[in-house]
Each structure stands twice: as structure tokens, then as C-alpha cells.
Amino acid sequence: MELEGLPPIGGLLESSLVHWEGRVAAVVFLQGCNLACPGCPAPHLVPRAAAGGAEDGSGGVVPGNLIPAEGVLDAVFSRRAMLDGVVVAGGEPLLHDTLPDLLEILRSFGLQTRVHTNGTRPRALRRLLEADLVDSVALTLRAPLNALYSVAAGTEVDLGGIWRSVELLLGDPGDHEFRVVVDPRLLTREDLLALGRTVAGARRVVLEPAARGVLAGRPGRDYGGSGGTGGADRNLGAA
């Protein structure tokens, strides 16, 4: 398969115990995101062009400090006996039309695949599910699905698209996980309860502490004390 057409890769974690619970997984981070979340844990992956690169005329990426796909695939393949699967994260993986090609290669290694998405590309998500290219999907939610979401995302968001992605996962028989980012400066108890109702019936919901960032559009509150939600993710349980 032609490797030059694969999505731009901005990072590789060769082994992780936290990106897919119960599995040892490599994590491939794709470059480029359509959100600008102030609490983004990987802001260097947000630009469509990596450091030292530039966007081309079609909105694609001219490689800068990207990792060659061949090197990433070689690293994953060489460790396949020690891995259960591969998580493809970002950035936002579903921005890339050739994501299915990457997933097919990873699955040919005998590894399970998970995609970590922000939920803004429901049609692309549906295509992956219908093609049976993913064994699991993790979807991150940053606020209730109302006007507050654009504050949490740092840009205007199509809430209908996120709703459709949530409904897709709730209705799909495959494995999924919703990751709720908890920013005490932004979210109230009522906001978290509203998010809980949105994902009612989910197989797994995890609370994830927000990275620090500068909020805009709503008065923020201090974390207080040592900050955050205490560090480790907390499982809310599964239906």
C-alpha cells in the first residue's frame, strides 16, 4: 500500500496502559485538529501544519517535523507481540480521508484498533463503524451540548454533529467510551449532570481532569487547592 498518502503523524507512544483500559496499546497521534480547546493536552498537534511545515492550498499538510509513516509502522510492527492494540488519536483523526488506510494496515498486523475522536465528524465515524475498521471508539466531551460547548472548544462547534456521533456510539453494538473533561473553572455540577444524561446507557464513561489553559467567553473559577480533579481518571461505571 502507498504510504505517502497516509495521514500526517505528529507523534508516537510505543506503549501505553492508560489510553485503552485493559490493553497494552501503542498510540499514534495524527497532526491537525478542527477545535482550539484551551484545555487541550496536546496543543502542538492542533495546527494542520506541524512545526517547520506549512499548509498547502487545499488545507492539507506540507510535512514539517512530522514522523515518517514508514518509521511509525515499523515500530508498531516490531512490537506487535507485546501489544494488544493501537489507539489512533490526535489532533482529530477523522479529519483525514486516508484514516481507513492506516487502520487497515494496523489491523493487518493482528492488532485491535481504537480511534479517539472529538465527535465533530459523524459521517466519517459512521463510515469507520460500517466498514468494521475499529474495535473501539473513545469520544471526548468537554461541556453540555449547548452554547457552552463553543467556549470549551475554543471555536464555534456544530452541536448537531456531536449529537449524531454520540447517538451513533450509543446505538452501535461495538465497544465505546465517553471521556468527559472536567474543568472546574467552566463546568458546574448541573453541567456534569446534563452530560451524564446525554450519555445515559453508555458502556463506559470516564472523568478526565482538564489541562490548564486560558478560557474565554465565560467567567472562570479557580481550581482551588492543588487543582483539577486529583490527577487520575475516574471511571463513572458502565451500563
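The values are calculated or read from the model by the stated rules, or taken from the named source; none is laboratory data. The shown structure was predicted, so the numbers you read here are calculated from the model rather than taken from an experiment. We place every Cβ from the backbone using ideal geometry, glycine too, and count neighbours over all the protein chains shown.
Worth a mention:
- On inspection, residue 179 qualifies as among the basic types (Lys, Arg), under 19 Å from residue 21 (Cβ atoms) and not in a helix (DSSP H, G or I).
- Filtered by the rule that a residue be free of Cβ contacts under 8 Å to residues at least 60 places away in the same chain and in a loop (DSSP other than H, G, I, E, B), segment 69-110 gives 97, 109, 110.
- Flag if residue 103 is in contact with a strand residue (DSSP E or B) (Cβ under 8 Å, 6 or more places away or on another chain) and modelled with pLDDT of 95 or more: yes
- Across segment 151-175, the number of residues qualifying as surrounded by fewer than 17 Cβ atoms within 10 Å (Cβ to Cβ) and in contact (Cβ under 8 Å) with a residue 40 or more places away in the chain comes to 5.
- When the residues of segment 207-219 are filtered to those that are modelled with pLDDT of 85 or more and more than 22 Å from residue 161 (Cβ to Cβ), the one that is surrounded by the most Cβ atoms within 10 Å (Cβ to Cβ) is 209.
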